């Protein structure tokens with residue numbers, strides 16, 4: 001699902017109030033990280049991920065890998081924070097502006 005600029009803007013506004021729900025540490029992206037992220041995306045649709053300082057991977061590369069592994073869209077990457085969005089087809093939580 002490709003997000004429009006207006007939709008991304010709205011999601012960024014919503015993400016400001018979020019706290020990091022998932023963390024990526026020095027072990028990188030593990031199976032447990034992906035399971036936790038998928039559960040969070042299914043429940044909340046919009047998830048903030050924190051890449052810890054001891055992580056050796058580049059934050060943008062981590063964002064790409066997580067988005068690809070989960071099928072989510074990258075909303076933003078700022079510093080060590082990543083925000084991903086994935087629509088829950090069964091029970092949508094967030095109403096986005098029409099395209």
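For first residues located in segment 54-74 and at positive phi and free of Cβ contacts under 8 Å to residues at least 40 places away in the same chain, partners that are in a helix (DSSP H, G or I) and surrounded by 17 or more Cβ atoms within 10 Å (Cβ to Cβ) and lie 6+ apart or on another chain with Cβ distances below 9 Å form the pairs 71/41.
Can you tell me which residue in segment 78-89 is surrounded by the most Cβ atoms within 10 Å (Cβ to Cβ), limited to those that are part of a loop (DSSP other than H, G, I, E, B) and at pLDDT 85 or above? Before you say what the answer is, go through the steps one by one.
From segment 78-89, those part of a loop (DSSP other than H, G, I, E, B) are 79-80, 86-89; that's our starting set.
Retained after the next criterion (residues that are at pLDDT 85 or above): 79-80, 86-88.
Working: 79: 8, 80: 16, 86: 20, 87: 16, 88: 13.
Out of the qualifying residues, it is 86.
Within segment 43-56, being within 14 Å of residue 23 (Cβ to Cβ) and either surrounded by fewer than 18 Cβ atoms within 10 Å (Cβ to Cβ) or touching a helix residue (DSSP H, G or I) at 6+ places or on another chain (Cβ under 7 Å) (or both) holds for 47, 48, 49, 51, 52, 53, 54.
From the set of residues in segment 2-16 that are assigned to a loop (DSSP other than H, G, I, E, B) and more than 14 Å from the chain's Cα centre (by Cα), which is farthest from residue 57 (Cα to Cα)? First the steps, then the outcome.
Taking segment 2-16 first, the residues assigned to a loop (DSSP other than H, G, I, E, B) are 2-4, 16.
If we keep only those that are more than 14 Å from the chain's Cα centre (by Cα) as well, we get 2, 4.
Details: 2: 26, 4: 28 Å.
Only one residue tops the list, namely 4.
The set of residues in segment 17-30 that are in a loop (DSSP other than H, G, I, E, B) and under 12 Å from the mean Cα position of the chain (by Cα) comprises 18, 19, 20, 21.
Would you please name the residue that is surrounded by the most Cβ atoms within 10 Å (Cβ to Cβ), looking only at residues in segment 57-77 that are in contact with a helix residue (DSSP H, G or I) (Cβ under 9 Å, 6 or more places away or on another chain) and more than 18 Å from residue 31 (Cα to Cα)? Per the criteria, the residue is 75.
The values are calculated or read from the model by the stated rules, or taken from the named source; none is laboratory data. If you're wondering where the values come from, they're calculated on a predicted model, not measured in any experiment. Cβ atoms come from the backbone with ideal geometry, glycine included; neighbour counts cover every protein chain shown.
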